Amino acid sequence: MIVEFIGHGIHEDDNETCGNYICSSIKNPVFTDITVFVAFIRKPGILELKPFIQQAISENRKITFFVGRNEFITSKEALELLLELGVSTYIYNSDIFIYHPKVYLFEGAKNRIITGSSNLTKTGLFYNVECSLLLDFSNQDSAGMKVLNQLKDYFSPLLDFSDPNLEFVTQAHIDKLFADGLIPTENFEYQVNYTVNPNGKETKKLSYLKLGN
């Protein structure tokens, strides 16, 4: 099993962001089953993944998202974009607990788990001070498969769709959540310049040509 630390946001020369690893993982045809358990999603973050998601779906690879809608962060536009892309998406909503995981699971001829602090937002994937661990392992790796089985056992009520807190995302459901004031819109937000911090100091710029490599 290969274990790597992924960190970005502290050093200006951090080019290997969590977002880069996620993009390259979605792009990699060896991963035929992709499952995302993440608390918050925003449209700019999904847009960074869009070409790789489109490629994976065109190759008949399976992609499933389990997202949260606590804290009024996951947006109407982000959910609609996943719907447009054809990603099977479920909202986990509990009246008692906040759904707060950040787990990106890739399965196939080999397996990869990326887990840490990065939500599926543009800042969380590329700009915030964030850190994650990446685990790469084969189907014959006993230590890796133990972790994978523990992960899938923990999330089994979601993976078998038996959890009563799951809400399947359709356009009608998105419209109802928005009408009830349960999810925000991004339409009226100002356009953030992610390469300048609040003090006006320029920060590192991403090399978008490297995304997915």
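The values are calculated or read from the model by the stated rules, or taken from the named source; none is laboratory data. Not measured: the values here are computed from a predicted model. Glycine gets a Cβ as well: all are built from the backbone with ideal geometry, and neighbour counts include every protein chain shown.
Selection of the range 143-164 for residues being closer than 30 Å to E84 by Cβ and in contact with a Leu (Cβ under 9 Å, 6 or more places away or on another chain) yields L151, K152, F155, P157, L158.
Which of the strands (runs of 3 or more DSSP E) contained wholly in the range 1-109 include at least 3 residues that are β-branched (V, I, T) and either out of contact with any Cys (no Cβ under 8 Å at 6 or more places or on another chain) or at pLDDT 95 or above (or both)?
2-8, 31-38, 62-68
Failed condition for L135, given (1) hydrophobic (A, V, I, L, M, F, W, C); (2) modelled with pLDDT under 60; (3) in a strand (DSSP E or B), with all others met? Of (1) hydrophobic (A, V, I, L, M, F, W, C); (2) modelled with pLDDT under 60; (3) in a strand (DSSP E or B), only one is false for L135: (2). In the range 1-56, what residues are among the β-branched types (V, I, T) and within 16 Å of the chain's Cα centre (by Cα)? Listed by number, the residues that qualify are I6, T17, I22, I26, I34, T35, V36, V38, I41, I46, I53.
Taking the range 45-61 as the range and being over 9 Å from I26 (Cβ atoms) and among the aliphatic types (A, V, I, L, M) as the test, the residues that pass are I46, L47, I57. Here I22 passes the criteria (1) surrounded by fewer than 20 Cβ atoms within 10 Å (Cβ to Cβ); (2) within 18 Å of N119 (Cα to Cα); (3) of a type in the set (A, V, I, L, M) except the one numbered (1).
For the range 57-87, filtering for residues that are among the polar types (S, T, N, Q) and either surrounded by 21 or more Cβ atoms within 10 Å (Cβ to Cβ) or under 11 Å from the mean Cα position of the chain (by Cα) (or both) leaves 3.
Give the range 159-169 a look and list any residue that's more than 17 Å from D95 (Cβ to Cβ) and either of a type in the set (S, T, N, Q) or surrounded by 13 or more Cβ atoms within 10 Å (Cβ to Cβ) (or both), or say none. Please lay out each step first, then the result.
Of the range 159-169, the ones more than 17 Å from D95 (Cβ to Cβ) are 159-162, 168-169.
Result: L159, S162, V169.
Cβ separations smaller than 7 Å between residues 6+ apart or across chains give the following pairs from the range 112-137 residues that are touching a residue at least 12 places away in the same chain (Cβ under 8 Å) and farther than 13 Å from I22 by Cβ to residues that are assigned to a loop (DSSP other than H, G, I, E, B) and among the hydroxyl-bearing types (S, T, Y): T123/Y194; Y127/Y194; C131/S117.
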